[in-house]
Amino acid sequence: MSGSMRMRMRIAHLSDPHFGTVVPAVRDALLGELQTHPPDLILITGDITQRARRDQFVEARSFLDALPRVPRLCLPGNHDLPLFDVITRMVKPYDHYCWYISQELQPEFVDERVAVLCVDATSRLRHKDGALTPSQIERTAERLAELDRPFSIVATHQPLAAVVNTDVRNVARGAGQALDRWIAAGADLFVGGHIHLPYCIEVHMTDRRQSSVLLQAGTCLSRRIRNGIQNSYNLVTLQRDGTERRMAIERRDYDAASGRFVLALQHEATSLMNRQRTRLNGWRLAPQIAV
Ligand SMILES: [Fe+2]
């Protein structure tokens, strides 16, 4: 593991903007906030558009172009593949996504502080269900072990764990095996979207030997909100000071009255690394702090 013993990094985690259903005032508020306080990295976990239409990707592209010039990672979501145009869906499902958003469907960001790996669980053969293949799980675990940065993050569109029963069917297939392998390989944080429900929980290996943190984002811009839950995004601050590591997570909700995003919830996770630089029991998430 390289880099100094002290570091700090801020990551904005956005998800499910669903261009085509975006609320203009919310988009402007989010752009304003990110331009005023640029994070070190912007991570967007899929469903960039509502129906994978060209005009929706054009709108999405102009949003991306207006973001501050910091490194950015995007993942496709199930909505970014055409649904009704069956031929395009089968022959070149990621055509618009690759043209307007990124050629890379599973990008990664790696510096001396962090490794962020995106894993694409969408498929032209499935409507909305996500699935992680055994080879994706294995390849990602190997990459995590090989990079071994102070912090490791894995991003997927579909969640790897649910907090309400009705979402169990929305969890990516293979999530259990993926969590087991990726936590063991050193993943500190998992981020996702898809269900428009923000939450932050501890996740454990099946044998409970080690734990990590799973963070879900709501929809950042779409009027397709779930049960009145406001538009939101997450701001993750990674900090390392000597052997102590910390992740401070803020959920920021859109507040219609002020027309801005405001701090809604804070989570804090802590971990220890021993002198051999292996992780001891992973992460502990403190009870959440409502603001
Ligand atoms: Fe989705």
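Some notes on this structure:
- 222 nm mean residue ellipticity, helices alone, for the chain (DSSP H n ≥ 4; -39,500 (n - 2.57); rounded to 500): -6500 deg cm²/dmol
- C-alpha center-to-center spacing [the stretch 160-228, the stretch 77-122] in angstrom: 19 Å
- Between R51, R224, R139, the residue with the greatest mean-square fluctuation in the GNM of the chain (Cα pairs under 10 Å linked by springs) is R139.
- Selected from P24, P39, P82 as most flexible by GNM, with the chain as the system and alpha-carbon contacts under 10 Å: P24
- Accessible surface, the stretch 47-159, averaged per residue in Å² (probe 1.4 Å): 44 Å²
- Note on the stretch 57-101: the C-alpha convex hull projects to 3.4 nm² when averaged across all orientations.
- Under the Debye formula (equal points on every Cα, no solvent term), log10 I(q)/I(0) of the chain at q = 0.14, 0.15 Å⁻¹: -0.99, -1.15
- Cα→Cβ-extended label distance, 7 Å offset, between I229 and R209, nm: 3.3 nm
- Entry comment: accessible area of the stretch 177-291 is 44 Å² per residue, from protein heavy atoms only and a probe of 1.4 Å.
- Shape analysis of the stretch 218-267 yields a ratio of the Cα radius of gyration to the Kirkwood radius, Rg/Rh, of 1.13.
- Taking all Cα pairs closer than 8 Å and separated by 6 or more residues, the relative contact order of the stretch 93-208 comes to 25 percent.
- Inter-part distance where the stretch 1-48 and the stretch 234-260 are each reduced to a Cα centre, Å: 11 Å
- Here the Kirkwood formula, the inverse mean of 1/r across different C-alpha pairs, assigns the stretch 65-186 a hydrodynamic radius of 15.6 Å.
- Solvent-accessible area, 1.4 Å probe, carbon plus sulfur percent, for the chain: 50 percent
- W99-I289 FRET efficiency (beta carbon distance; Förster radius 35 Å; 0.05 resolution): 0.25
- Ranking A217, H204, A256 by Cα position along the charge dipole of the stretch 191-291, where only Lys, Arg, Asp and Glu carry charges on their C-beta atoms, puts H204 farthest toward the positive end.
- Cα pair count fraction exceeding 22 Å, expressed as % - the stretch 132-242: 33 percent
The values are calculated or read from the model by the stated rules, or taken from the named source; none is laboratory data. In this text the structure is predicted, and so the values were computed from the model without any measurement. As a convention, Cβ positions derive from the backbone with ideal geometry for all residues, glycine included, and neighbour counts pool all protein chains shown. Quick note on the areas: whole protein, heavy atoms, side chains included, nothing else; ligands and nucleic acids left out. Shrake-Rupley method; radii C 1.70, N 1.55, O 1.52, S 1.80 Å.
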